[in-house]
Amino acid sequence: MTTQPTPIVLDVDTGVDDACALLLAALHPALDLRAVSCVGGNAPVDDVVRNTLRVLETAGRTDVPVARGAERPLLATPVDARHVHGDDGMGDLGWPPARAAADPRHAVELLRDVCREAAAEGRPVTLVPLAPLTNIALLLRTHPDVAPGIAEIVFMGGAAAAGNATASAEFNVFHDPEAAAIALDAAADLGIPLTMYGLDVFYQPVVPAELADELVAVGGRGPAELGGSLIRFQNARFNRSASTMGDAGAVCVVIDRGGIHTEPLPLRVELAGHWSRGRTIVDRRDWSGDLAHDPHGEAPVRVDVALEVDGARYTRLWVDTLLGRVGER
Ligand code: RIB
Ligand code: CA
């Protein structure tokens, strides 16, 4: 019996590594990419929409609706990451502009409609946020009825250990801590399972220069050339011989869950700390569960936190997909 492809929706701030994730989601035969919502983060939201449209056009997926979402965090002052992703947010590659236009709906409306349709057809989507969680917080609090249309949320964000935006906090959560806290709390309220693909695994699936060269050599301004060019940009910017595929790892989880090891752990988002604001406080205490003497008690949100990843396995999955080696869609 052939299994049907998994319905999937991405929320992005494209973004060099978001682009790597979009290519995988658009091309892998095990996935049915239903929609992409955009949010300000790595770059302003209009740049994110432009970059996302051009990636999907490169992958031959102009059938996938793309919608513009939140321009800024719910409360925090926006800070972009162009020092990482380039001035245009996608490696300053000069990649051809897309001809397709964005969906006229706001991203939250597109997400609402896609989730409701998924519920109606009895095939809930896997929601994969790869950016600040502003759209997701707005969706779940505004339209809690979408919950039956969401099988699970696999999000790139947070860290059980060190941050990257600050010593404490990972960029997506740091960019909008209130949204992260609301989105996770709402998902827990609505009984939507959560998997966190955080910094504890994010940097391990790397693509070496020689594989980037193989991808670029395919040429034709196609998905392989784009993917290899994105890795080359990171290698050059950070003077490395290999670079992470970043957000694409979270999409690999949906395709090949066996590539990660997770533990179900209580998690809180720090909102008030001066030096720790935006930190995902993952409770890894190995105890009998005697919370009686803990003034905070157990966090209400429990998340499957990815603590280990088979980086080479996910690198192979991403490269083989871009090279068209994983069977027909
Ligand atoms: O911390 C890494 C995350 O921040 C990734 O999603 C990257 O694209 C940026 O959004
Ligand atoms: Ca991202």
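Scan region 237-264 for residues that are of a type outside the set (Asp, Glu) and surrounded by fewer than 19 Cβ atoms within 10 Å (Cβ to Cβ) and report the count. Total satisfying the criteria: 11. Just one residue in the set Leu110, Leu75, Leu56 is away from ligand 1 (no atom under 16 Å from the Cβ), more than 22 Å from Gly246 (Cβ to Cβ) and surrounded by 23 or more Cβ atoms within 10 Å (Cβ to Cβ); that residue is Leu110.
Restricting attention to region 150-161, does a residue exist that is over 22 Å from Asp80 (Cβ atoms), within 16 Å of ligand 1 (Cβ to nearest atom) and within 13 Å of the chain's Cα centre (by Cα)? Yes: region 150-161 contains one or more residues that are over 22 Å from Asp80 (Cβ atoms), within 16 Å of ligand 1 (Cβ to nearest atom) and within 13 Å of the chain's Cα centre (by Cα).
Of Ala131, Ala167, all but one fail to be within 16 Å of ligand 1 (Cβ to nearest atom), in a loop (DSSP other than H, G, I, E, B) and more than 14 Å from the chain's Cα centre (by Cα); the exception is Ala167. Evaluating Gly278 against the criteria (1) within 16 Å of ligand 2 (Cβ to nearest atom); (2) on the phi < 0 side of the Ramachandran plot leaves one unmet condition, (2).
Residue check: is Arg116 away from ligand 1 (no atom under 16 Å from the Cβ), open to solvent by 50 Å² or more (accessible area, probe 1.4 Å), farther than 20 Å from Tyr197 by Cβ and assigned to a helix (DSSP H, G or I)? Here the answer is yes, as Arg116 does meet what is asked.
Kindly establish whether Arg302 is out of contact with any helix residue (DSSP H, G or I) (no Cβ under 9 Å at 6 or more places or on another chain) and surrounded by fewer than 18 Cβ atoms within 10 Å (Cβ to Cβ). No, not satisfied. At least 1 residues being in contact (Cβ under 8 Å) with a residue 60 or more places away in the chain and either hydrophobic (A, V, I, L, M, F, W, C) or in contact with a Ser or Thr (Cβ under 6 Å, 6 or more places away or on another chain) (or both) is the threshold, and among the strands (runs of 3 or more DSSP E) wholly inside region 222-329 those reaching it are 260-269, 280-282, 301-309. Taking the numbered list (1) within 14 Å of ligand 2 (Cβ to nearest atom); (2) within 22 Å of Pro7 (Cα to Cα) in turn, Pro148 passes all entries but (1). I'd like to check something: does region 20-29 contain any residue that is within 9 Å of ligand 2 (Cβ to nearest atom), closer than 14 Å to Cys252 by Cα, modelled with pLDDT of 95 or more and open to solvent by less than 10 Å² (accessible area, probe 1.4 Å)? Among the residues of region 20-29, at least one is within 9 Å of ligand 2 (Cβ to nearest atom), closer than 14 Å to Cys252 by Cα, modelled with pLDDT of 95 or more and open to solvent by less than 10 Å² (accessible area, probe 1.4 Å), which makes the answer yes.
When Gly278, Gly259 are screened for being under 30 Å from Val216 (Cα atoms) and touching a Phe, Trp or Tyr at 6+ places or on another chain (Cβ under 8 Å), only Gly259 passes. Scanning region 10-45 for residues that are of a type in the set (Val, Ile, Thr) and in contact with a helix residue (DSSP H, G or I) (Cβ under 6 Å, 6 or more places away or on another chain) yields Val12, Thr14, Val16, Val36, Val39.
Of the strands (runs of 3 or more DSSP E) contained entirely in region 1-90, those carrying at least 1 residues that are of a type in the set (Gly, Ala, Ser) fall at 31-38, 66-68.
Looking across Val9, Val48, Val39, Val16, one residue alone is open to solvent by less than 10 Å² (accessible area, probe 1.4 Å), β-branched (Val, Ile, Thr), closer than 20 Å to Ala70 by Cα and more than 13 Å from ligand 1 (Cβ to nearest atom). It is Val9. Can you confirm whether Arg61 is within 21 Å of Ala151 (Cβ to Cβ), open to solvent by 10 Å² or more (accessible area, probe 1.4 Å) and either more than 16 Å from ligand 2 (Cβ to nearest atom) or aliphatic (A, V, I, L, M) (or both)? Criteria not met by Arg61.
Of the residues making up region 119-131, those that are among the aliphatic types (A, V, I, L, M) and open to solvent by 10 Å² or more (accessible area, probe 1.4 Å) are Ala119, Ala120. If you take the residues in region 178-221 that are free of Cβ contacts under 8 Å to residues at least 24 places away in the same chain and outside any helix (DSSP H, G or I), which one is surrounded by the most Cβ atoms within 10 Å (Cβ to Cβ)? Checking each candidate, the answer is Gly219. The set of residues in region 172-197 being in contact with a helix residue (DSSP H, G or I) (Cβ under 9 Å, 6 or more places away or on another chain) and of a type in the set (Gly, Ala, Ser) consists of Ala179, Ala180, Ala181, Ala183, Ala186, Ala187, Gly191.
The values are calculated or read from the model by the stated rules, or taken from the named source; none is laboratory data. Being a predicted model, the structure only gives us computed values, none of them experimental. Here Cβ is always computed from backbone atoms with ideal geometry, including for glycine, and neighbour counts include all displayed protein chains. When the accessible area is computed, the model is the full protein with side chains, heavy atoms only, and any ligands, DNA or RNA have been set aside. Shrake-Rupley method; radii C 1.70, N 1.55, O 1.52, S 1.80 Å.
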